[in-house]
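Working notes for the structure below.
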Amino acid sequence: MSDAAAAVLITGASSGIGAALARAYAKRGARLGLLGRREKALAALCESLPGEHLVLVADVGDALQMAEAARRFVSRFGIPDVVIANAGVSVGTLTEYASDLTAFEKVLRTNLLGMVSTFQPFVEPMRQRRSGRLVGIASVAGIRGLPGVGAYSASKAAVINYLESLRVEMHGSGVKVVTVAPGYIRTPMTDVNDFPMPFLMAPDAAAAQILRMVDAGRRYGVLPWQMALVARLLRMVPRPLFDRVFARAGRKPRGLLR
């Protein structure tokens, strides 16, 4: 696949990792579908990029909107070579508050079902073409359940397992499914955190690493490399020790969706 000819759809493109990925792919000469809810931010990004691109205003949590966005993308650029399901929200949640049930629903609908709605229109066309990349942005927060962000951790754990299921389903089809689990990235989602964030990465640095994973068709990758080591250790920590240590961990403020 030639970078100059690549057609790439990116959700959550208006800021953070999504915008950084758009900048990185535009530098390669790719044709981009920039999808998100904030039309002005998407339009501003589109105007700042070299090349031919398409702004797609849609909520990933709305399957009908996503189907229409997919139709518009295909009409303009054809079946995409790469689809990056990056859109996500995070909010501090505590189960004892009935008011947080709405936040749980919103996070799960956006982060998990939004990814399914992003990929669904393209799975069969890519399979028939026998090529393509379906890239899901998960999180290290999906490896173990973190306090104060039960909705986010649950959604990202579900994303990791969903992507694994999809990868196995696509085995032998020529379509690669890539799971990316970032640690802390400097974005509006992390700007509200008032606790230490080890190995915090700039979005452009994260995007460069993600592109390398996508190019290689990696099944699963954690970034940065320091967080990859932490992720391996997290999987091995016994539950009693994990509970004692993380009971004292910093927590995201409740009720602020990012």
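Read the figures in this text as sums done on the coordinates, not as results from a lab. What you are looking at is a predicted structure, and each value in this text was computed from that prediction instead of being measured. Cβ coordinates were reconstructed from backbone atoms using ideal geometry, including for glycine residues, and neighbour counts include every protein chain displayed.
One table, with the values for the structure above:
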| quantity | calculated |
| --- | --- |
| Proximal aspartates and glutamates relative to Lys252, as straight alpha-carbon distance under 19 Å, when same-chain residues fewer than 8 apart are discounted | Glu96, Asp100, Glu105, Asp191, Asp194, Asp243 |
| Rel. contact order, % - alpha carbon contacts under 8 angstrom, at least six apart, the chain | 20 |
| Helical mean residue ellipticity (222 nm; -39500 (n - 2.57) per DSSP H run of 4+; nearest 500) of the chain | -14500 deg cm²/dmol |
| Projected label distance in nm at Ser75 and Glu105, using a 7 Å step from Cα toward the beta-carbon | 3.2 |
| Environment charge of Gly78, counting only residues whose C-beta is closer than 14 Å and scoring Lys/Arg +1, Asp/Glu -1 | +3 |
| Nearest-ten-degree value, helix 150-169 long axis tilted from longest Cα axis of the chain | 40 |
| Burial order of peptide ranges 17-30, 198-211, 224-237, 101-114 (average beta-carbon count within 10 Å, highest first) | 17-30, 101-114, 198-211, 224-237 |
| Between helix 63-77 and the chain: long-axis angle, C-alpha atoms, 0 to 90°, nearest 10 | 40 |
| Tilt relative to the chain, helix 225-236 - C-alpha long axis, 0 to 90 degrees, to 10 | 50 |
